[in-house]
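First up is the structure itself, then whatever we jot down about it.
The values are calculated or read from the model by the stated rules, or taken from the named source; none is laboratory data. Bear in mind the structure is a predicted one, so any value in this text is a computation, not a measurement. Every residue, glycine among them, receives a Cβ derived from its backbone with ideal geometry; neighbour counts consider all protein chains shown. These area figures cover heavy atoms from the full protein model, side chains too; ligands, DNA and RNA do not enter into them. Shrake-Rupley method; radii C 1.70, N 1.55, O 1.52, S 1.80 Å.
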Amino acid sequence: MTAGSRPSCGERTWRWLSQSHDGAEFNVPSKLMNYMAYGLPVLAVVRPAARSRLIEESGAGWVVDSSRPERFPETAGEVRDRISGGDGTDRIFGVGGSDRISGGRGRDNISAGSGNDRIAVRGDGQRDTVRCGRGRDRVTADRQDRVARDCERVSRPRSRRGRRR
(Lines give C-alpha, C1' and ligand atoms only; values in the text may rest on other atoms or scores of the structure.)
Protein backbone atom coordinates (compact mmCIF):
# COMPACT_ATOMS: atom_id res chain seq x y z
CA MET A 1 0.00 0.00 0.00
CA THR A 2 1.46 3.37 -0.94
CA ALA A 3 1.36 6.43 1.30
CA GLY A 4 -1.72 8.53 0.74
CA SER A 5 -3.79 5.70 -0.80
CA ARG A 6 -6.76 4.22 1.03
CA PRO A 7 -7.10 0.51 1.74
CA SER A 8 -9.97 -1.44 0.27
CA CYS A 9 -12.56 -3.67 1.78
CA GLY A 10 -12.75 -6.43 -0.83
CA GLU A 11 -11.68 -9.80 0.54
CA ARG A 12 -10.11 -8.24 3.63
CA THR A 13 -12.06 -7.11 6.69
CA TRP A 14 -11.50 -3.65 8.13
CA ARG A 15 -10.71 -3.26 11.83
CA TRP A 16 -12.19 -0.83 14.32
CA LEU A 17 -9.97 1.00 16.80
CA SER A 18 -11.54 3.12 19.55
CA GLN A 19 -9.66 4.95 22.26
CA SER A 20 -10.88 8.03 24.07
CA HIS A 21 -9.43 7.71 27.60
CA ASP A 22 -6.96 10.16 29.12
CA GLY A 23 -3.44 9.47 27.95
CA ALA A 24 -4.59 7.77 24.74
CA GLU A 25 -3.07 10.61 22.75
CA PHE A 26 0.41 9.61 23.95
CA ASN A 27 0.42 5.96 22.92
CA VAL A 28 -0.07 3.90 19.80
CA PRO A 29 -1.71 0.52 20.42
CA SER A 30 0.26 -2.49 19.24
CA LYS A 31 -2.89 -3.84 17.54
CA LEU A 32 -2.89 -0.73 15.30
CA MET A 33 0.70 -1.47 14.30
CA ASN A 34 -0.25 -5.13 13.62
CA TYR A 35 -3.24 -4.10 11.46
CA MET A 36 -1.00 -1.78 9.45
CA ALA A 37 1.74 -4.42 9.10
CA TYR A 38 -0.79 -6.89 7.64
CA GLY A 39 -2.31 -4.23 5.37
CA LEU A 40 -5.71 -4.42 7.08
CA PRO A 41 -7.79 -1.25 6.72
CA VAL A 42 -8.62 0.58 9.96
CA LEU A 43 -11.63 2.68 10.95
CA ALA A 44 -10.51 4.53 14.09
CA VAL A 45 -12.66 6.54 16.50
CA VAL A 46 -10.02 8.52 18.40
CA ARG A 47 -9.13 11.98 19.66
CA PRO A 48 -7.05 13.98 17.19
CA ALA A 49 -3.45 13.11 17.97
CA ALA A 50 -0.33 11.56 16.49
CA ARG A 51 -2.23 8.27 16.08
CA SER A 52 -4.86 9.85 13.79
CA ARG A 53 -2.10 11.50 11.72
CA LEU A 54 -0.31 8.14 11.50
CA ILE A 55 -3.46 6.43 10.17
CA GLU A 56 -4.38 9.18 7.70
CA GLU A 57 -0.91 10.03 6.36
CA SER A 58 0.08 6.39 5.87
CA GLY A 59 -3.20 5.65 4.09
CA ALA A 60 -3.95 2.86 6.60
CA GLY A 61 -7.58 3.82 6.96
CA TRP A 62 -10.10 6.36 8.12
CA VAL A 63 -10.36 8.41 11.31
CA VAL A 64 -13.45 9.74 13.09
CA ASP A 65 -12.87 12.33 15.83
CA SER A 66 -14.29 10.87 19.07
CA SER A 67 -15.73 14.30 19.93
CA ARG A 68 -17.87 14.13 16.74
CA PRO A 69 -19.48 10.66 16.86
CA GLU A 70 -22.21 11.77 14.43
CA ARG A 71 -19.64 11.42 11.61
CA PHE A 72 -19.20 7.68 12.23
CA PRO A 73 -22.06 6.48 9.94
CA GLU A 74 -20.89 8.72 7.10
CA THR A 75 -17.29 7.50 7.38
CA ALA A 76 -18.36 3.86 7.74
CA GLY A 77 -20.43 4.30 4.56
CA GLU A 78 -17.34 5.57 2.73
CA VAL A 79 -15.43 2.48 3.84
CA ARG A 80 -18.20 0.09 2.77
CA ASP A 81 -18.75 1.62 -0.68
CA ARG A 82 -15.13 1.30 -1.89
CA ILE A 83 -14.06 -2.21 -2.85
CA SER A 84 -10.75 -3.22 -4.45
CA GLY A 85 -9.27 -6.53 -5.51
CA GLY A 86 -5.70 -7.56 -4.86
CA ASP A 87 -2.89 -8.71 -7.12
CA GLY A 88 -4.34 -12.18 -7.77
CA THR A 89 -7.59 -13.51 -9.15
CA ASP A 90 -10.49 -12.02 -7.18
CA ARG A 91 -14.25 -12.59 -6.86
CA ILE A 92 -15.78 -9.29 -5.83
CA PHE A 93 -19.40 -8.76 -4.83
CA GLY A 94 -20.83 -5.28 -4.45
CA VAL A 95 -23.55 -4.46 -1.98
CA GLY A 96 -26.61 -2.23 -2.26
CA GLY A 97 -25.77 1.40 -2.81
CA SER A 98 -23.40 3.18 -5.14
CA ASP A 99 -20.13 1.25 -4.96
CA ARG A 100 -16.74 2.07 -6.44
CA ILE A 101 -15.15 -1.22 -7.41
CA SER A 102 -11.62 -1.72 -8.71
CA GLY A 103 -10.54 -5.18 -9.85
CA GLY A 104 -6.82 -4.83 -9.33
CA ARG A 105 -4.41 -7.19 -11.09
CA GLY A 106 -5.40 -10.70 -12.08
CA ARG A 107 -8.43 -12.32 -13.74
CA ASP A 108 -11.25 -10.79 -11.73
CA ASN A 109 -14.92 -11.75 -11.59
CA ILE A 110 -17.06 -8.81 -10.43
CA SER A 111 -20.77 -8.73 -9.60
CA ALA A 112 -21.66 -5.17 -8.68
CA GLY A 113 -25.20 -5.70 -7.38
CA SER A 114 -27.84 -2.99 -7.21
CA GLY A 115 -26.99 0.71 -7.18
CA ASN A 116 -25.27 3.23 -9.42
CA ASP A 117 -21.83 1.65 -9.43
CA ARG A 118 -18.48 2.61 -10.94
CA ILE A 119 -16.33 -0.37 -11.90
CA ALA A 120 -12.71 -0.16 -13.09
CA VAL A 121 -10.98 -3.20 -14.62
CA ARG A 122 -8.83 -1.45 -17.24
CA GLY A 123 -5.07 -1.73 -17.47
CA ASP A 124 -4.16 -5.06 -15.92
CA GLY A 125 -3.81 -7.05 -19.18
CA GLN A 126 -6.03 -9.87 -17.86
CA ARG A 127 -9.49 -10.95 -19.03
CA ASP A 128 -11.93 -9.78 -16.35
CA THR A 129 -15.66 -10.52 -16.16
CA VAL A 130 -18.11 -7.83 -15.00
CA ARG A 131 -21.83 -8.06 -14.21
CA CYS A 132 -23.54 -4.87 -13.08
CA GLY A 133 -27.07 -5.51 -11.82
CA ARG A 134 -29.77 -2.90 -11.30
CA GLY A 135 -28.92 0.79 -11.41
CA ARG A 136 -27.02 3.04 -13.81
CA ASP A 137 -23.50 1.64 -13.84
CA ARG A 138 -20.26 2.85 -15.45
CA VAL A 139 -17.49 0.44 -16.40
CA THR A 140 -13.98 1.19 -17.65
CA ALA A 141 -12.63 -2.00 -19.21
CA ASP A 142 -9.97 -3.34 -21.57
CA ARG A 143 -10.95 -4.69 -24.98
CA GLN A 144 -10.53 -8.32 -23.88
CA ASP A 145 -12.73 -7.95 -20.76
CA ARG A 146 -16.22 -9.49 -20.71
CA VAL A 147 -18.81 -6.92 -19.72
CA ALA A 148 -22.46 -7.97 -19.32
CA ARG A 149 -25.23 -6.18 -21.16
CA ASP A 150 -26.73 -4.91 -17.92
CA CYS A 151 -23.82 -2.44 -17.64
CA GLU A 152 -25.25 0.82 -19.00
CA ARG A 153 -22.06 2.79 -19.80
CA VAL A 154 -18.91 0.98 -20.89
CA SER A 155 -15.69 2.78 -21.76
CA ARG A 156 -12.91 0.89 -23.53
CA PRO A 157 -9.59 2.07 -24.98
CA ARG A 158 -9.53 3.03 -28.63
CA SER A 159 -8.20 0.47 -31.09
CA ARG A 160 -4.98 1.19 -32.98
CA ARG A 161 -6.98 2.55 -35.90
CA GLY A 162 -8.66 5.14 -33.70
CA ARG A 163 -12.13 3.57 -33.47
CA ARG A 164 -13.77 2.09 -30.45
CA ARG A 165 -14.52 -1.59 -30.32
Quiz prompt | Added length on full extension, which subtracts the Cα-Cα distance from 0.36 nm per residue, Arg136 to Arg47 | solution = 28.1 nm
Quiz item: Amide H of Val42: which non-local residues (sequence gap of 5 or more, or other chain) have their own amide H closer than 5 Å, using H built in the peptide plane?
Solution: Arg15, Gly61, Trp62
Quiz item: Separation between the Ser159 and Gln126 pseudo-spin-labels, each 7 Å from Cα along Cα→Cβ, expressed in nm?
Solution: 2.7
Quiz item: In whole Hz, what ³J(HN,Hα) sequence does the stretch 133-150 give by Karplus (6.51, -1.76, 1.60; θ = phi - 60°), x for Gly and Pro?
Solution: x, 6, x, 9, 9, 10, 10, 10, 9, 7, 4, 7, 6, 9, 10, 5, 5, 7
Quiz item: FRET efficiency for Asp87 and Gln144, Cβ-Cβ distance as r, R0 = 25 Å, nearest 0.05?
Solution: 0.85
Quiz item: Excluding ligands and nucleic acids, what accessible area in Å² is computed for Glu57 using a 1.4 Å probe, to the nearest 10?
Solution: 130
